[in-house]
Amino acid sequence: MLPPFKILDTNSVADAVHELARLGDQAKLYSGGTELLILLRHNLLRTEYLLNIKPIAELGQVHCVDNSVRIGASVTHRRLETDPTIRDRLPMFADAESQVANIRVRSQGTIGGNLCFNDPHSDPATALLVYDASVTIQGSNGARQMPLQQFLCGMYSTALEPEELLVSVDVPCLPARWGSSYLRIHRLQRPTLTVAAAASRRNGAIDDVRLAVGCVGPMAVRLTELEAKIRAGAPNDSRKIIKESKAYLKKTLEPIDDLLGSAEYKIYIAGVLLERALVRALQSVEKKQDGNNG
Ligand SMILES: Cc1cc2nc3c(=O)[nH]c(=O)nc-3n(C[C@H](O)[C@H](O)[C@H](O)COP(=O)(O)OP(=O)(O)OC[C@H]3O[C@@H](n4cnc5c(N)ncnc54)[C@H](O)[C@@H]3O)c2cc1C
């Protein structure tokens, strides 16, 4: 049984911010409700009001701004999986979105709800970190923007203040001639481990690289130190570098032993998937080049 609550529709970001300030602890923002309703049903959350932000047109938009794509917070996973702009400009992100849960959760759950809940077992953040995504947040003191990595503070925790809402995610396209890849493993619907890689080549070497891993620890993380070691090296050397980076991965990813596996196993599999995702990202660069030459 769900406990009783009232749903209040909001029609603009200003309206939602005003209601959040007015109702304080008595209200929770409500988008797709896939997470919220589970919490309410299991008595893990009590609230008098759900502020429905889905009627806010601005939050449901996807549009290109220069070389980025701006995604409104209430855009669903299903739209991100299928939208031609996302598939064309952010193909690896569209692929990650296509692997979220099942069609019901993808049709209802939103990117804003996903990032704001910051469940460690999620897909989008890992992919978005590799795109250097940033978020725009609005509160009664105005709007602020920050890199996604800074927004994700820890397990189920973000930089959102109580009276703020996430408005949009800005995702810069990868530079031309980069390839990318997203991999995940799962035993249940939510992922057990996620890896995203993007890379470019020059004269047979890896010119530039970005790597991120999710689900191993409290939140998805970019692996900047590992990237620096791989950058400018030969693709074959990257395999050895990743294998030798177990201590760095352990320190950065903060794995724990749990029902999904031991910390040691998770670090081992993270290394395997990182190698595999990097190879696939580099292969997709080659495919692009072959396509351009052919
Ligand atoms: C069976 C099942 C399987 C799942 N599998 C996966 C999976 O494989 N991969 C994956 O990534 N996720 C998975 N999820 C999680 C779910 O898909 C996402 O977390 C979903 O995107 C949440 O979005 P929502 O709109 O439903 O959030 P809601 O439930 O509406 O909200 C979640 C939280 O975010 C807050 N919130 C929502 N929007 C905003 C906003 N704009 N600004 C500030 N706060 C906001 C709410 O107040 C609430 O605290 C799964 C969920 C279920 C139930």
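The values are calculated or read from the model by the stated rules, or taken from the named source; none is laboratory data. All of these numbers come straight from a predicted model, not from anything done at the bench. Because the Cβ atoms are built from the backbone with ideal geometry, glycine has one as well, and the counts that use them run over all protein chains shown. Heavy atoms of the whole protein, side chains included, go into the accessibility calculation; ligands, DNA and RNA do not. Shrake-Rupley method; radii C 1.70, N 1.55, O 1.52, S 1.80 Å.
Based on what the data block shows, is Ser238 among the hydroxyl-bearing types (Ser, Thr, Tyr), modelled with pLDDT of 95 or more, out of contact with any Ser or Thr (no Cβ under 9 Å at 6 or more places or on another chain) and open to solvent by less than 80 Å² (accessible area, probe 1.4 Å)? Yes: the conditions hold for Ser238. Just one residue in the set Asn102, Asn141 is more than 14 Å from the chain's Cα centre (by Cα) and under 20 Å from Leu193 (Cα atoms); that residue is Asn102.
Across segment 26-69, the number of residues qualifying as in contact (Cβ under 8 Å) with a residue 60 or more places away in the chain, surrounded by fewer than 17 Cβ atoms within 10 Å (Cβ to Cβ) and on the phi > 0 side of the Ramachandran plot comes to 0. Of all residue pairs spaced 6 or more apart or on separate chains, those with beta-carbon atoms under 7 Å, a first member in segment 118-133 that is open to solvent by less than 10 Å² (accessible area, probe 1.4 Å) and a second member that is assigned to a helix (DSSP H, G or I) and within 7 Å of the ligand (Cβ to nearest atom) are Pro124/Ile111; Pro124/Asn114. Residue selection: Asp95 satisfies the criterion of being more than 10 Å from the ligand (Cβ to nearest atom), acidic (Asp, Glu) and open to solvent by 10 Å² or more (accessible area, probe 1.4 Å).
Of Val216, Val169, all but one fail to be in a loop (DSSP other than H, G, I, E, B) and under 28 Å from Ala101 (Cα atoms); the exception is Val216.
For segment 152-161, the count of residues that are buried (at least 22 other Cβ atoms within 10 Å of the Cβ) and at pLDDT 95 or above is nonzero.
Within segment 148-160, can one find any residue that is away from the ligand (no atom under 14 Å from the Cβ), touching a residue at least 24 places away in the same chain (Cβ under 8 Å), polar (S, T, N, Q) and in contact with a Pro (Cβ under 9 Å, 6 or more places away or on another chain)? There is no residue in segment 148-160 that is away from the ligand (no atom under 14 Å from the Cβ), touching a residue at least 24 places away in the same chain (Cβ under 8 Å), polar (S, T, N, Q) and in contact with a Pro (Cβ under 9 Å, 6 or more places away or on another chain). The residues listed here are Gly142, Gly109; of these, the one that is of a type outside the set (S, T, N, Q) and under 21 Å from Pro191 (Cβ atoms) is Gly109.
How many of the residues making up segment 1-41 are at pLDDT below 95, within 12 Å of the ligand (Cβ to nearest atom) and either more than 28 Å from Ala101 (Cα to Cα) or not in a helix (DSSP H, G or I) (or both)? Within segment 1-41, residues that are at pLDDT below 95, within 12 Å of the ligand (Cβ to nearest atom) and either more than 28 Å from Ala101 (Cα to Cα) or not in a helix (DSSP H, G or I) (or both) number 0.
The residue that is most open to solvent (accessible area, probe 1.4 Å), counting only those in segment 177-202 that are part of a loop (DSSP other than H, G, I, E, B) and within 13 Å of the ligand (Cβ to nearest atom), is Arg187. The criterion of being open to solvent by less than 60 Å² (accessible area, probe 1.4 Å) and away from the ligand (no atom under 13 Å from the Cβ) does not hold for Val75.
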